[in-house]
1. With the range A:119-218 as the region, which helices (runs of 4 or more DSSP H) entirely inside it contain at least 1 residues that are within 14 Å of chain B (Cβ to nearest Cβ) and not β-branched (Val, Ile, Thr)?
2. Could you identify the single residue in A:167, A:183 that is open to solvent by 70 Å² or more (accessible area, probe 1.4 Å), of a type in the set (Ser, Thr, Tyr) and either out of contact with any Cys (no Cβ under 9 Å at 6 or more places or on another chain) or on the phi < 0 side of the Ramachandran plot (or both)?
3. Scan B:149, B:169 and give me the residue that is open to solvent by less than 60 Å² (accessible area, probe 1.4 Å) and in the same structural domain as residue B:40 (by TED's automatic domain parsing).
4. Taking the criterion of being within 14 Å of chain A (Cβ to nearest Cβ) and at pLDDT 95 or above, would at least one residue in the range B:29-51 satisfy it?
5. Determine if the range A:134-151 includes at least one residue that is farther than 30 Å from residue B:91 by Cα, open to solvent by 10 Å² or more (accessible area, probe 1.4 Å) and charged (D, E, K, R).
6. I need every pair where a residue in the range B:220-235 that is at positive phi has its Cβ under 7 Å from the Cβ of a residue that is open to solvent by 60 Å² or more (accessible area, probe 1.4 Å), sequence separation at least 6 or different chains.
7. I need the full set of residues from the range B:24-40 which are within 15 Å of ligand 1 (Cβ to nearest atom) and in contact with a Lys or Arg (Cβ under 8 Å, 6 or more places away or on another chain), in order please.
8. Tell me, yes or no, whether the range B:16-31 has at least one residue that is away from ligand 2 (no atom under 16 Å from the Cβ), of a type in the set (Val, Ile, Thr) and open to solvent by less than 20 Å² (accessible area, probe 1.4 Å).
Amino acid sequence: MFRFRLSLVLPLAAALVLALWPLVWAEADLYFQVFGMACFYGVLAVAWNIYALSGAISLGHAAFFGLGAYGSALMSCYLQWSPAVTVPLGAVAGAAYGVLWGLLFKNLRGVYLGLATLASVEIPKVIIDNWSSFTFGSLGVVGIAPLPDLRLGGLELAFGTSLKAQYYLLLLFLALAGLVHRYSLVSRWGWALRAMRENETAAAMLGVEVFRHRLQALLLSSYLTGLCGALYAHLLGLIEPALVFSLHISALPLVLSIFGGRFLTWGPILGALILYPLDQLLLQPQFPTGHAALYGLVIVLTILFCPQGVAPWLRKLRQIAWN
Amino acid sequence: MAAKAASNCLELRHISKSFQERRVLADVSLVVREGEIFGLIGPNGAGKTTLFNIITGLVRADEGQVLFHGQDITHWPPPRICHAGIARALQLPAPFPEMTGLENVLIGCWFGKRQAAAPDSEAQARELLARVGLQGKEEVPAGQLNLIDKRRLEVARALATRPHLLLLDEIAAGLSPAAVKQTAELVTALRDQGLTLLVTDHYLNLTLQVSDRVAALDQGEIITVGSPREVVRHPEVASAYLGTREAKTLPEAAP
Ligand SMILES: Nc1ncnc2c1ncn2[C@@H]1O[C@H](COP(=O)(O)OP(=O)(O)O)[C@@H](O)[C@H]1O
Ligand SMILES: [Mg+2]
């Protein structure tokens, strides 16, 4: 009983801290930005992990990210629709590519799947690079509409300009992603993913519809990643193929998830909330050029010394503290 | 059900399969009747496991058909075959290693048949574990069980899908005489409950003891089908097992 309550209380407490600290410390734009982006990468990590839960390690999620970013940016640019519409619609471009993967890579596993996903990022990237008349080519899209402001009674949320408002938006996005992740772990559907991850042949013979469930996971994963890309385009105001289809975008969610712990509800989120601020606040000021190497180092150390990630450690600490 | 009682449960028609030019199954035809224990005997490498793989949809036959209750299931994917009512315990156990024994069985309860969502799957899963002799090991991660217990778990998990037809591959392999006796009792009890069973073995004892009918498979061909008594007396069966042909190991010498 206590364990159940504690497992609920801790994330709630963490959520409260994340939600309330800006009230105490009102003018901290740097921290709003850093922790806002930490939440953003937390969503990206969750999105990546949902597909990974079905036993498929992707090295190409930048494809969904880039397509979501371009889908929303171009729609907003040509049709002048509000980002409130183009973000959810643009992300469909990512999901559509996800379904294509699911069908084409149906029989690929392990290393072969990894290579295929890695290579498949190049296709949309090259097309967007070269179709200049429509996509503005390698110069990218600039002057993308910022997120619209929202008025709730007397409360004005300037998502386009206020870093604090953006922080809250991204925190909410992360909370929703956290619920989706939890569902992907503990629901019946989550057990189907787990079964196929642990032994695909056995799962299939016990009635788990491996192909269908994995495709659903990929659909959800690619749509969420497309949403991230679309939000990114409007938060930043400019995108270019080399940026949104970069290897960094594919690798980061993998690193964050593995560091945090892939099989615990809060694992990937924890990874993002620890590593991204660590990188941005401590390492980047010290080593402006080499700080990205952190992620490389972290992944090597994690895989070598705690392949389950840090979340299980925290869980153990909690149990020790409790007893 | 009464009308079905006399009918065929599983029918294999002219199944052939080659792996890289090597003929592993050659024109195999068999009928398993509703409610019987059907034994498939044959030395190592005879093609028994391959035949099971074809029935459960893991391997595609080059030619031939598989009929289950008269329905052609030849090219169905494995989950659909499971939902139709065929379950199998693998020769090499394939547990979900990080899940507990109980969770392994629950996967079978939850996904085995879509229509009948059992109200209390956990109680059912515990009962099945006890039935195969795994009581007290419900919470052990399946990857940590020993080989014998993993094989028992295979059976419990297969039963959890509520099958009509249960395929047991190498039921006696590695078992102590006491465990062989338990397995024989379990198999017979399942048959008496109304299940149809297709069992293989490269040792003859258990299969011959429990089976209602037996087929002997050698080098991918059915040599003979009949009662256990008839089959052991068949001269070709004797030669297949006594190793009069070259490159044939004695069944007792195999691991
Ligand atoms: N996937 C495969 N690829 C190549 N050869 C195979 C494959 N599966 C089985 N075989 C071969 O088919 C023959 C029959 O194997 P199997 O069906 O396992 O026999 P049994 O179960 O009767 O011992 C063996 O010679 C085996 O080497
Ligand atoms: Mg075999």
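1. Because the criterion is at least 1 residues that are within 14 Å of chain B (Cβ to nearest Cβ) and not β-branched (Val, Ile, Thr), the helices (runs of 4 or more DSSP H) in the range A:119-218 that meet it are A:163-186, A:188-198, A:200-205.
2. A:183
3. Result of the check over B:149, B:169: B:169.
4. yes
5. yes
6. B:220/B:23
7. B:24, B:25, B:39, B:40
8. Within the range B:16-31, not a single residue is away from ligand 2 (no atom under 16 Å from the Cβ), of a type in the set (Val, Ile, Thr) and open to solvent by less than 20 Å² (accessible area, probe 1.4 Å).
The values are calculated or read from the model by the stated rules, or taken from the named source; none is laboratory data. The model shown is predicted, which means the values in this text are computed figures rather than measured ones. We place every Cβ from the backbone using ideal geometry, glycine too, and count neighbours over all the protein chains shown. We work out accessible area using only protein heavy atoms, side chains counted, and drop any ligands, DNA or RNA first. Shrake-Rupley method; radii C 1.70, N 1.55, O 1.52, S 1.80 Å.
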